[in-house]
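Colleague: This is the structure I want to talk about, given as structure tokens.
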């Protein structure tokens, strides 16, 4: 995506796919880290839950999963899903 942006070839649906995929993966990794750390995964000493909470807010202000899914659906089908 970065290379496409450098060449001024990045399209909106590609941005949506990147944001959707990256935030989903990052939240899954933070939750897995919490599990691996056991009881320490919820303490102030370690921070996977803090990261997971921050990532949940990223899902909101970067565009919700639903909006990104609608953008991708429009690109794949050509049908407008929202107005």
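No lab work stands behind these numbers, since they all come straight from the coordinates. Since we're looking at a predicted model, the values are computed, not measured. Note that we place each Cβ from the backbone using ideal geometry, even for glycine, and neighbour counts take in every protein chain shown.
Colleague: Using 0.36 nm per residue of separation minus the Cα-Cα distance, give me the extension gain between residue 82 and residue 36 in nm, one decimal.
Modeller: Working: separation 46, 0.36 × 46 = 16.56 nm, distance 4.06 nm.
Full extension of this stretch gives 12.5 nm more.
Colleague: While we're looking at this one, here's another question. Once both labels are modelled 7 Å past Cα along the beta-carbon direction, what's the residue 75-residue 24 spacing in nm?
Modeller: The modelled label-to-label distance comes out at 1.3 nm.
Colleague: Using Cβ contacts closer than 10 Å as the measure, can you line up 69, 35 from fewest to most?
Modeller: Lowest count first: 35, 69.
Colleague: Using the 10 angstrom Cβ neighbour count as an exposure proxy, how do 81, 16, 47, 57 rank, fewest first? Present the calculation step by step, with values, prior to reporting the outcome.
Modeller: Working: 81 13, 16 22, 47 16, 57 9.
By the 10 Å Cβ count, ascending: 57, 81, 47, 16.
Colleague: Let me ask something else about it. What value does the chain have for Rg/Rh, both radii from Cα atoms and Rh as Kirkwood defines it?
Modeller: On the Cα set of the chain, Rg over Rh gives 1.12.
Colleague: For the chain, modelled as a GNM with alpha-carbon contacts under 10 angstrom, which of 20, 37, 55 fluctuates the most?
Modeller: Evaluated over the chain, the most mobile residue of the options is 37.
Colleague: Still on this structure, I have one more. How much mean residue ellipticity at 222 nm does the chain get from its helices, if each DSSP H run of length 4 or more adds -39500 (n - 2.57) and you divide by all residues, to the nearest 500 deg cm²/dmol? Please report the intermediate quantities before stating the final value.
Modeller: Working: 4 runs with 58 residues, N = 83.
Value at 222 nm, helices only: -22500 deg cm²/dmol.
Colleague: Related question: Averaging sequence separations of C-alpha pairs under 8 Å and six or more residues apart, then dividing by the length of the chain, give the relative contact order as a whole percent. Can you show the working numbers first?
Modeller: Working: 57 pairs, mean separation 25.0, N = 83.
Over the chain, the number comes to 30 percent.
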